[in-house]
Amino acid sequence: MEGGNRGNDKDKVRHVSPDRKANRTILLRTLLLLVMFGILTFIPLFGKLYAIQIRDHEMYQEKAIGQQTMDNAVSANRGQILDSNGKVLAMSATVYDVILSPNDFRKLQNNWDERYGKKPEGAKYPRPEVGDVSAGLAEILGLDPQKVQERMEKNTYYEVAATRIETEVADDLRQYITDKHLSNSVLLVPTTKRYYPYSSLAAQVIGWVNWKNDNKGAYGMEALYEEDLAGKTGRVVTAKDGDGKEMKYSFQDYYDASDGNTLHLTVDATIQYYCERVLEKGIEMFDVQNGGFVIAMDPKTGAIKAWANSPNYDLNTPWTITDPVLSEYLETVKNDPTAIESAYNEALGQAQNRQWRNKAMNDSYEPGSTFKSMVLAAALEEGVVNENSTFYCPGYYVVGNDSISCSQKAPGHGSQNLAKAVANSCNPAFMMIGQALGAEKFYNYLEDFGFLEKTGIDMQGEGNSIVWPRSTFVAPSTQQNTYLATASFGQGFQATPIQLITAASAVINGGHLMKPYVMESITAPDGTIIQQTEPTEVRQVISEETSARCRTILEGVVNGGTGKRAYVPGYRIGGKTGSSETVESRRGEDRTIVSFLGFAPADDPQIVVLLAYDAPKRSSSGSKLTSRGYYISGGNMAAVMAGELLSDILGDMGVEKVYTEAERAKIDMVVPNVVDQTAQIGQEAIQNSGFSVRTVGEGNVVTDQIPAGGAVIPSGSQVVLYLGEEKPADLVDVPDVRGKTAAQAQEILGQYGLYLKVSGSSSYMSSDAVVASQTIWVGTSVERGTVVECIFSDNTMVD
């Protein structure tokens, strides 16, 4: 039984074969899990790699480059600014920044210690000590030694000790670095600095480079043409080690700097100098309180030949106030015990802004009688007046309920033709002319002459006029009649000086309104012309014939009219005087703007100038005179200075003087030198030069003369020749000839052996002119034969 059972059990044991399908399923699941886990694990990694390699590639590349390389800028040379004749008005030159490397200095000390520390007596040079080096650097650079030492003790490789030091100082510093073995510890990094060789010349036109801020142009042409002048900065890229030090022999890549372009201006430096000189001369002479301006323009093209403003400043030190009036104002604020702390800084900022402004373009003013030139042109063009028209002036003109005075009080100018009315600058006559034109046509010419829009000159910050809207000006009303009447003599509205001279040029150049401009051309460093300005006509305002008639009538203003102080023998000059009221003067304050708008030669104008002085100081409140006795008017102030200016400009332009017979008898002439000549030849030479002659002595040879050869005195004056006799060596005291006519002054000076010379224009030939000032002060001891310059004025009520 048992044996049988065992056999049965054995039969019951079965071999179960593995389930391959299940195993495969498990394997697939495992692999799937592994794949999913791997994907989930590597997705962030892939994302990071994507960000590094693709999305943020440039950022990480820049960081790597920044860590591995040193990038130094190479300054481009800023382009020059030249005048119309090629004179350099602005230029850049190499200067140096002084960089300290305190860490390198300590390494220098460590190297010295390692080499000479045990045997200092064998050292080839003393150990560099921070105190000694700081003191030496401070002495050369003009710095505080303590502050230099503080920088030298910092834990850096880069400390700026000084900026923009001149070449001479840099040479001294290089020698010091060599003597003290300070290479790599004190570095000179070349950069550029803007220089203005003529200092304040044409300051408001040129502008300046603001090196304290962004090293870009500030104001004027420097700012307007920044992109053209600046050039493109270059780069030197070198490798650096982990400490940030340059690896000088490892890697270097150089990117050339591109120099800026050259700016050629229409401004003539010589004419600019004449304008600035006459402006400052008049400001001092007439005690002007608010500066002034002069614009000189080529009337045929619109090219600006000069542009002077006062107050002025030195382009090399633009933050410094140099104007006497502004300086006095700042000193008053500074010393005011009641002023708050910020008052001085605020006043300084205002003063700086005033000197930087181009008031002849930024600001507007009531042009006064200079505007009558445009009214004359419009009336002639429209045919409402002609040379035979007559006007009666009783000293006033009634408009509605208002009685408007003439500068010539009752009985006024009386009856006068058109040319005489213009020469007299008669307000009633021009109010009649304005009425004849009518408000609509008058306003049309305001627009045609450019008074309703900016000129578009290539300068920054051009202002605009302040004029009534057309609807207000032309609407029939009593007030409208007043607007038209006052506008007819240049009051009640405002224009910028650049608008005024541009319109005046159209009056005299054949009727063409030209767009004014200052930039002649721009050239690349190789001389290639990149841009050039061509004269641009805006519109034809009046005919050639009308323009010619205007020139003739305006020449009469200078030949005997209110502008007679601008008369210069030998030159034909035309123009118009102006004495402008201001908002302040209507409030009872003492502020009048005196001006003169002149052109020459009158038959073919080559130059037009607008000269104005803002607020000559009155001797007392309500007085018409300055403390020096000048009558405050355009004719007595601006005209006399404009005559001198035009004479200088025409002479520089090569325009020869052509004298009439009457002029030739009274002009200033140069005395010839006849010393060592025979008596006969000497006398003939003096007489042939237009002088009378008196001899002292009985010799046959001229041994001396009074005045000396080369002196400039009026023709007809007496020259004394000494024939063997000694010339008097005693000194004489200059007499006071102020208030005397030309004949009286000449006689008085002659009694002392002195000679008269007229300063400025030669309007002294008018019998009513008297000496207003003399260049040699009364009582000054001088040699006989000395020439005394005098300025004449007639102190009459000229406009």
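The values are calculated or read from the model by the stated rules, or taken from the named source; none is laboratory data. The shown structure was predicted, so the numbers you read here are calculated from the model rather than taken from an experiment. Using ideal geometry, Cβ is built from the backbone for each residue, glycine included, and neighbour counts are taken over all protein chains shown. Accessible surface is based on the protein model in full, side chains and every heavy atom, while ligands, DNA and RNA are left aside. Shrake-Rupley method; radii C 1.70, N 1.55, O 1.52, S 1.80 Å.
What's the total number of residues in region 97-132 that are more than 22 Å from residue 188 (Cα to Cα), out of contact with any helix residue (DSSP H, G or I) (no Cβ under 6 Å at 6 or more places or on another chain) and not aromatic (Phe, Trp, Tyr)? Residues that pass the stated criteria total 13.
Restricting attention to region 58-80, and to residues there that are at pLDDT 70 or above and part of a helix (DSSP H, G or I), which single residue is surrounded by the most Cβ atoms within 10 Å (Cβ to Cβ)? Show your work before the answer.
Going through region 58-80, the residues at pLDDT 70 or above turn out to be 58-59, 76-80.
Narrowing further to those that are part of a helix (DSSP H, G or I): 58-59.
Numbers: 58: 8, 59: 11.
Among them, the one singled out is 59.
Return the residues of region 324-364 that are touching a strand residue (DSSP E or B) at 6+ places or on another chain (Cβ under 7 Å) and either open to solvent by 20 Å² or more (accessible area, probe 1.4 Å) or free of Cβ contacts under 8 Å to residues at least 60 places away in the same chain (or both); say none if nothing qualifies.
Matches in region 324-364: 359, 364.
Tell me whether region 153-163 contains one or more residues that are without any contact (Cβ under 8 Å) to a residue 40 or more places away in the chain and touching a helix residue (DSSP H, G or I) at 6+ places or on another chain (Cβ under 8 Å). No, every residue in region 153-163 fails to be without any contact (Cβ under 8 Å) to a residue 40 or more places away in the chain and touching a helix residue (DSSP H, G or I) at 6+ places or on another chain (Cβ under 8 Å).
For region 164-173, the candidate set comprises residues that are more than 33 Å from the chain's Cα centre (by Cα) and touching a residue at least 12 places away in the same chain (Cβ under 8 Å); within that set, the residue that is surrounded by the most Cβ atoms within 10 Å (Cβ to Cβ) is 173.
Going through (1) over 29 Å from the mean Cα position of the chain (by Cα); (2) surrounded by fewer than 22 Cβ atoms within 10 Å (Cβ to Cβ) one by one, residue 457 falls short only on (1).
Evaluated against (1) modelled with pLDDT under 75; (2) in a helix (DSSP H, G or I); (3) open to solvent by 100 Å² or more (accessible area, probe 1.4 Å), residue 14 falls short on exactly one condition, (2).
Exactly one residue among 428, 367 is open to solvent by less than 10 Å² (accessible area, probe 1.4 Å), without any contact (Cβ under 8 Å) to a residue 40 or more places away in the chain and either aromatic (Phe, Trp, Tyr) or in contact with a strand residue (DSSP E or B) (Cβ under 6 Å, 6 or more places away or on another chain) (or both), and that residue is 428. Among the residues making up region 396-416, those that are in contact (Cβ under 8 Å) with a residue 24 or more places away in the chain, surrounded by 16 or more Cβ atoms within 10 Å (Cβ to Cβ) and farther than 24 Å from residue 478 by Cβ are 407, 408, 416. Of all residues in region 81-90, one or more are surrounded by fewer than 18 Cβ atoms within 10 Å (Cβ to Cβ) and outside any loop (DSSP other than H, G, I, E, B).
For region 370-395, a residue qualifies if it is open to solvent by less than 20 Å² (accessible area, probe 1.4 Å) and on the phi > 0 side of the Ramachandran plot, and exactly one does: 395. Restricting 683, 705, 687 to residues that are buried (at least 19 other Cβ atoms within 10 Å of the Cβ), polar (S, T, N, Q) and part of a helix (DSSP H, G or I) narrows the list to 683. Only one entry in 728, 714 is farther than 30 Å from residue 769 by Cα, touching a residue at least 40 places away in the same chain (Cβ under 8 Å) and surrounded by 13 or more Cβ atoms within 10 Å (Cβ to Cβ), namely 728.
Scan region 594-601 and tell me whether some residue there is surrounded by fewer than 24 Cβ atoms within 10 Å (Cβ to Cβ), in contact with a strand residue (DSSP E or B) (Cβ under 7 Å, 6 or more places away or on another chain) and either under 15 Å from residue 635 (Cα atoms) or of a type outside the set (A, V, I, L, M, F, W, C) (or both). There is no residue in region 594-601 that is surrounded by fewer than 24 Cβ atoms within 10 Å (Cβ to Cβ), in contact with a strand residue (DSSP E or B) (Cβ under 7 Å, 6 or more places away or on another chain) and either under 15 Å from residue 635 (Cα atoms) or of a type outside the set (A, V, I, L, M, F, W, C) (or both).
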